[in-house]
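Heads up: the structure comes next, in structure tokens.
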Amino acid sequence: DTEVTQTPKHLVMGMTNKKSLKCEQHMGHRAMYWYKQKAKKPPELMFVYSYEKLSINESVPSRFSPECPNSSLLNLHLHALQPEDSALYLCASSLAPIDRMNTEAFFGQGTRLTVV
Amino acid sequence: KQEVTQIPAALSVPEGENLVLNCSFTDSAIYNLQWFRQDPGKGLTSLLLIQSSQREQTSGRLNASLDKSSGRSTLYIAASQPGDSATYLCAVTFRLNTGRRALTFGSGTRLQVQP
């Protein structure tokens, strides 16, 4: 099983809403990542969790709040987003953090987020 | 700042043609390079991973090569099929300014294989 599962697939939210994106993997991977991808652009790294601890925050605004409840789950809590935050949000995992050893990253299918 | 560039940005070929996608990177001190496929509005599917110590990897009709000294990788697709139509992304693991490593993506090559 090399699957990273993201829910929901699509999400429309207002600027005053609070919502969460979820990501799950059962491959025993100990590193999980959030990426943001705008249309026709490459994915950009947002956060890295290494052994359930936040290890990289790429200067992401505080309206995005990541959480890693256990080694299989990764959440991204959203609050007071702006229309320019509309994008495809991708979750990825790897056996070990990329900065520990050379490992392959596996991506989920993404959540298409629209902020209205 | 490390950068990854992919050429061409878009490519249209007839079915059955062999083709080469190019990826170049500015810093030769990479840890590994990964090729992904992305269908419109979908996530990324890992195709091949090349470690920095390797020169090439093969999977079915796909062959990826790595030349660290020149900062280049190529993805060769043999006997292309309409189902190969997608965007192909090259991603390189660099060391960030913070000292940590992370995947940095190129902008991708959008491939259309005509039946």
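The table for this structure:
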| item | result |
| --- | --- |
| In the stretch B:14-115, the GluC sites (Glu not before Pro) that fall in loop regions by DSSP, at most 16 other Cβ within 10 Å | B:Glu15, B:Glu17 |
| Gyration tensor over alpha-carbon atoms, the protein assembly as shown, equivalent ellipsoid semi-axes in Å | 29, 21, 16 |
| Cα-centre dipole for chain A with unit charges at Cβ (Lys and Arg positive, Asp and Glu negative), debye to 20 | 360 debye |
| Label-to-label distance, nm, for residues given as B:Gln81 and A:Ser65 (7 Å Cα→Cβ offset) | 4.8 nm |
| Cα-Cα over 22 Å, subset of A:Lys22/B:Lys42; A:Lys53/B:Lys68; A:Lys9/A:Lys40; A:Lys36/B:Lys68 | A:Lys53/B:Lys68; A:Lys36/B:Lys68 |
| Solitary cysteines of the protein assembly as shown, where the nearest other Cys Cβ is not under 4.7 Å | A:Cys68 |
| Most positive-pole-ward Cα, A:Ile56, A:Leu81, A:Gly108, against dipole of chain A from beta carbon charges | A:Leu81 |
| Burial ordering of A:Ser50, B:Ser28, fewest other beta-carbon atoms within 10 Å first | B:Ser28, A:Ser50 |
| Whole-Å semi-axes of the stretch B:54-115's equivalent ellipsoid (Cα gyration tensor) | 27, 15, 9 |
| Given chain B, longest segment not containing exposed loop trypsin sites (Lys or Arg not before Pro) (DSSP; at most 11 other Cβ within 10 Å) | B:56-115 |
| Surface/4 estimate of mean projected area, convex hull on alpha-carbon atoms of the stretch B:9-92, nm² | 5.5 nm² |
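Only the coordinates and a few stated rules stand behind these numbers; no lab work does. As the structure is a computational prediction, the values presented were derived from the model and not from experiment. A quick note on method: Cβ atoms are made from the backbone with ideal geometry, for glycine too, and the neighbour counts reach across all protein chains shown.
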